[in-house]
Structure formats: C-alpha cells, structure tokens
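Here the structure is laid out as structure tokens; the discussion comes afterwards.
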Amino acid sequence: MQNNTFPLFSIGQNVVTLQRVDSTNNYLKSELSKSKPIAEGTVIMAENQFAGRGQFSNTWLSAAGKNLTFSVLLSPEFLNPASTFILNIAVSIAINEVLRKIIGSDCKIKWPNDIYAGNNKLGGILIENIIRGQKLKYAIIGIGINVNQRQFPDLMRSTSLSIIAGHSFNRNLLLKQFCKALDHRYRELKELTSTNHLRYYYQNLFGLKETRKFIVSGWEITGEIKGIDDTGNLLVLIDGELRAFASKEISYLF
Ligand code: BTN
C-alpha cells in the first residue's frame, strides 16, 4: 500500500537543462506562476546563468559551461514558515557532505549560506520561500558551486573544485551526487528522522568555537562563534555577553 503521508518524489528525477537563463531561481519562480504544475524535486540547471543572484541582492557570477548553477523545487508544506532555518541546515549539510568527500574536511559551511574551502568561497545557497496562506507552499533552493572555473577576475577569495583538486570534474556526475544527498537529507527532515542534522552542521560550521573578527553596524568587533539559535541567528560571545545576530546584522572580517 502506498504511504500517502509522504508522496513519492525524488530530487533530480526530472532535470531540465537550460542553455542560457538569467537565473535558475527566477526561472522556477516564473514557471510556478504558470498554470502547468511542476513536480516537487524538479531541478533546473543552467549552462550559462548570466544574471545569477546571491543573498542580499548580491550577484552570483559564474563562467558559462564551467560550473554548477541549479535550482531545486521543494514543497515543504510540513514546515512552519516561521522556522525554515532547518531547511537551510538540511541543504547545507547535503552540499557539504558531497564536497567533503572530494576535498576533505577543509570544506565548511559558513553561516548563513556559503560553502567554504579554507578561507575561500566554493559555493553559495540561495533559498527563496513562497508562502501561500499560512503555508510554506514552495522553497526554491538555488545552488551555485564553482567546479571547473580556474580564474575569478572579479572575485576575491573564490575557489573551485578544479583549483583545489588540480583536475576537472564531470558536472553531470556531481549534480547527481548533490541531488542524491539533498534527497536524503530532505527526506529525513520530512520524515522527522533528522536528529543528527544539527550535530553535523556544528561539526562542519566555519569558525565554530573560534575567536574571530566581525563587522557589526559598521564597527569591528571580536567574538567567539558559539552556534546558532532556533531561528537561525548566529550566536556570538562578545565581552562575556552571548548575542544573537540575524544574517544582515553581522559579517565576517577576513
Ligand atoms: C550566495 O552566495 O549569496 C548564494 C549564491 C546562490 C547562487 C545560485 S546559482 C543557482 C541559483 N540561481 C541564482 O540566481 N542563484 C542561485
């Protein structure tokens, strides 16, 4: 008998490759506004994403044909729209675990939405939620990973798998691995078996328990990263006081 609580779907069962698009997140959003339904787990991947977007209205630059720029459609109606950071955690650890197998433990999750290798950015995640009524109807999970690009003229502190490993990678195989890991972690979240997510997140969190410099309201401060709270704020111990910061309120100083 089919279990109707968890409808059958699989991330990456349906992959649409676009040769050229402004942003795969934009594309999914615009497709959702049309009448034709899109299956949960559908992946839109772009060979050339010419106006990619990052967090806080940043742009995401990616050389055509070299990297992975893709978006996954999820329908996490089971999540409370006010506490969606657990989705960010599930996605971050899925991406991190694939990359760790390739480049090792130097690969970290940099709160709130980056993937780092050492002190360099290897990838980024942009999750856009669509709320209808009181429900989290859709989450568009945008992922950009620097794969075979070896030069980043406009970007400081960027790196790629190819720079780190010294050879190029088959992007389709990588995409399959990301889809499989995302599917696994998302299913755990949905089926309430995600008890190890936070532990994995902490084990791989960039700068955890380290004293680092940050910028807060234009000021340089020094604090120790203690973790994250239930709403996904970063907890930093500053002069003996534990303070919680939303992502817009604090940035790392390198
Ligand atoms: C960030 O680092 O700020 C997040 C970057 C997210 C980039 C990906 S690439 C695929 C998807 N489409 C976009 O326009 N952005 C995301």
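The values are calculated or read from the model by the stated rules, or taken from the named source; none is laboratory data. Here the structure is a predicted model, which is why all the values come from computation and not from measurement. A quick note on method: Cβ atoms are made from the backbone with ideal geometry, for glycine too, and the neighbour counts reach across all protein chains shown. Accessible surface areas use protein heavy atoms only, side chains included; no ligands, DNA or RNA. Shrake-Rupley method; radii C 1.70, N 1.55, O 1.52, S 1.80 Å.
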### Message
Here is the link list: LYS108/LYS213; LYS110/LYS213; LYS108/LYS137. Which ones come out longer than 20 Å on Cα distance?
### Response
LYS108/LYS137
#### Entry: Residue-normalised accessible area of the chain, expressed per residue, 1.4 Å probe, Å²
51
#### Entry: the chain: relative contact order as a whole-number percent, Cα under 8 Å and 6+ apart
17
### Task
Take the alpha carbon gyration tensor of region 168-231, find the square roots of its eigenvalues, order them as a ≥ b ≥ c, and report rounded if a/c is under 1.5; if not, report prolate when a/b exceeds b/c, else oblate.
oblate
### Equivalent ellipsoid, region 36-78 (semi-axes from 5 times Cα gyration tensor eigenvalues, Å)
23, 14, 8
### Task
Apply 1/(1 + (r/R0)^6) to the Cβ-Cβ distance of ARG132 and ILE103, taking R0 = 41 Å, and write down the FRET efficiency to the nearest 0.05.
0.55
### Task
About the Cα centre of the chain, how large is the charge dipole given +1 on each Lys and Arg Cβ and -1 on each Asp and Glu Cβ? Please answer in debye to the nearest 20.
540
### Query
Can you give the % of DSSP beta bridges in region 1-136 that are antiparallel, to the nearest 5?
70
### Query
So in region 11-90, what percent of DSSP beta bridges are antiparallel if you round to the nearest 5?
45
### Task
Starting from the Cα-Cα distance between ARG20 and GLU249, subtract it from 0.36 nm times their residue separation and give me the gain in nm to one decimal.
79.0 nm
### Message
Which of rounded, prolate or oblate describes region 105-254 when judged by the alpha-carbon gyration tensor and an a/c cut-off of 1.5?
### Response
oblate
### Task
May I have the extent of the alpha carbons of region 1-80 along their three principal axes, as whole Å values ordered from largest to smallest?
47, 26, 24
### Probe 1.4 Å, all protein chains present, accessible-area order of MET45, MET156, largest first
MET156, MET45
### Query
Taking a ≥ b ≥ c as the square roots of the eigenvalues of the Cα gyration tensor of the chain, is the shape rounded (a/c under 1.5), prolate (a/b larger than b/c) or oblate?
oblate
### Unit charges on C-beta of K, R, D, E only; dipole of region 1-129, Debye
240
### Task
With the full set of protein chains in place, find how many percent of the accessible area of region 130-230 is carbon and sulfur; take the probe as 1.4 Å.
50
#### Entry: Expected 222 nm ellipticity per residue - DSSP helices of 4 or more, -39500 (n - 2.57), all of the chain, to 500
-7500 deg cm²/dmol
